[in-house]
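The values are calculated or read from the model by the stated rules, or taken from the named source; none is laboratory data. A quick note: this is a predicted structure, and the numbers were derived from the prediction, not measured. So basically every Cβ, Gly included, is an ideal-geometry build from the backbone, and we count neighbours across all protein chains shown. Protein only, heavy atoms only, side chains kept; ligands, DNA and RNA dropped before computing areas. Shrake-Rupley method; radii C 1.70, N 1.55, O 1.52, S 1.80 Å.
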Amino acid sequence: MIADRAAQWIRQYFDAEANRAAAVAAKGRPYAFPAYDRMNTGSGPNELNDGDLLAPVLLNVAPKLHAVLNLQAVRPDMEAVLAAIPPRLTLQDAVASGVHTEPLRRIGELLDDPALLRGVGGTILMKIMHRKRPLFLPLYDTQVYACYCGPGAQYPIRKSPQRTWAEFFPLLGDAMARDLDGQPHTWKALVSWAPDDVSVLRVLDVVAWNLGSRRGMHTPEPIDLSDAPEQ
């Protein structure tokens, strides 16, 4: 059952001791928790120092030199977005009140201007930003895209090559919030398998990453955890 597998993915991914053991084992393959989630760069909640810009490395996405230089150049814009998002604001509450669109649109606009962030895509940018607002800003990669975007009506977001990042990120935020609100007991049960400081958006990303990765060449499907056990 997908629910049982999802619970197993969460338990394995957020097992800090197992990940540390895997890091020193021959051919070990540790997951990114707690290295990514609890990485201490010394920056404040509205600040992004150079260590923060390199955080995607811990999720196996390494920005190249020109990407880091471009990220440094737009750091004030990224920090301005963070300053406009209350630290305790959740994505679900933001979508319910309609205030999610503006900050997600502003992040997307940085990517839509090729002269600003050449060498940086949505995956790198959101892996940087998520750590600062884990309750509001979702992680993003091709696996997340595979779960939420597709050609059929069953997908929350229909594929469109003409859609800009500024248009896409608010749609993704809305779709994720509807997933979380539509299955509250399911996500509460899954979050219970993770440490207390792990957000539901981080748990959702682990589930989406596993679903997207395992589909491979098969036709992806939207996230459906309606059979998840309650706790």
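Residue-by-condition table, conditions (1) surrounded by fewer than 20 Cβ atoms within 10 Å (Cβ to Cβ); (2) closer than 30 Å to residue 72 by Cα; (3) at pLDDT below 95:
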site	(1), (2), (3)
132	no, yes, no
153	yes, no, yes
164	yes, yes, no
168	no, yes, no
172	no, yes, no
178	yes, no, no
192	yes, no, no
196	yes, no, no
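Collect the residues in the range 134-168 that are charged (D, E, K, R) and either closer than 14 Å to residue 178 by Cα or part of a loop (DSSP other than H, G, I, E, B) (or both), keeping them in residue-number order. Lay out the reasoning, then the answer.
Looking only at the range 134-168, we keep the residues that are charged (D, E, K, R), and these are 141, 158-159, 163, 167.
Within the range 134-168, 141, 159, 163 meet the criteria.
Out of everything in the range 60-74 that is closer than 11 Å to residue 117 by Cα and open to solvent by 50 Å² or more (accessible area, probe 1.4 Å), what residue ends up being nearest to the chain's Cα centre (by Cα)?
Result: 72.
State whether one or more residues within the range 51-59 are open to solvent by 20 Å² or more (accessible area, probe 1.4 Å), touching a Pro at 6+ places or on another chain (Cβ under 9 Å) and modelled with pLDDT of 95 or more.
Of all residues in the range 51-59, those open to solvent by 20 Å² or more (accessible area, probe 1.4 Å) come to 51, 54, 57-59.
Then drop every residue that is not touching a Pro at 6+ places or on another chain (Cβ under 9 Å), which leaves 54, 57.
Subset that is modelled with pLDDT of 95 or more: 54, 57.
Yes, the range 51-59 has at least one match.
Can you tell me which residues in the range 51-85 are over 18 Å from residue 126 (Cβ atoms) and in contact (Cβ under 8 Å) with a residue 40 or more places away in the chain? Give the derivation first.
Of the range 51-85, the ones over 18 Å from residue 126 (Cβ atoms) are 65-66, 69, 73, 76.
66, 73 - these are the residues of the range 51-85 that are over 18 Å from residue 126 (Cβ atoms) and in contact (Cβ under 8 Å) with a residue 40 or more places away in the chain.
I'm told residue 107 meets every condition in (1) in contact (Cβ under 8 Å) with a residue 40 or more places away in the chain; (2) open to solvent by 20 Å² or more (accessible area, probe 1.4 Å); (3) not basic (Lys, Arg) except one. Can you identify the failing condition by its number?
(2)
Give the residue that is nearest to residue 166 (Cα to Cα), with candidates limited to residues of the range 75-100 that are among the β-branched types (Val, Ile, Thr) and surrounded by 17 or more Cβ atoms within 10 Å (Cβ to Cβ). Please lay out each step first, then the result.
Here is the first cut: in the range 75-100, the ones among the β-branched types (Val, Ile, Thr) are 81, 85, 90, 95, 99.
Of the ones still in play, those that are also surrounded by 17 or more Cβ atoms within 10 Å (Cβ to Cβ) are 81, 85, 90, 95.
Numbers: 81: 13, 85: 17, 90: 20, 95: 16 Å.
By that ranking, first place goes to 81.
If you check every pair at least six apart or on different chains, which have Cβ atoms under 8 Å apart with a residue in the range 167-188 that is over 19 Å from residue 143 (Cβ atoms) first and a residue that is hydroxyl-bearing (Ser, Thr, Tyr) and modelled with pLDDT of 95 or more second?
170/101
In the range 1-50, which residue that is small (Gly, Ala, Ser) and in contact (Cβ under 8 Å) with a residue 24 or more places away in the chain is surrounded by the most Cβ atoms within 10 Å (Cβ to Cβ)?
Taking the range 1-50 as the starting set, the residues that turn out to be small (Gly, Ala, Ser) are 3, 6-7, 16, 18, 21-23, 25-26, 28, 32, 35, 42-44.
Of the ones still in play, those that are also in contact (Cβ under 8 Å) with a residue 24 or more places away in the chain are 3, 6-7, 16, 32.
Working: 3: 17, 6: 25, 7: 20, 16: 15, 32: 18.
Once the filter is applied, the top-ranked residue is 6.
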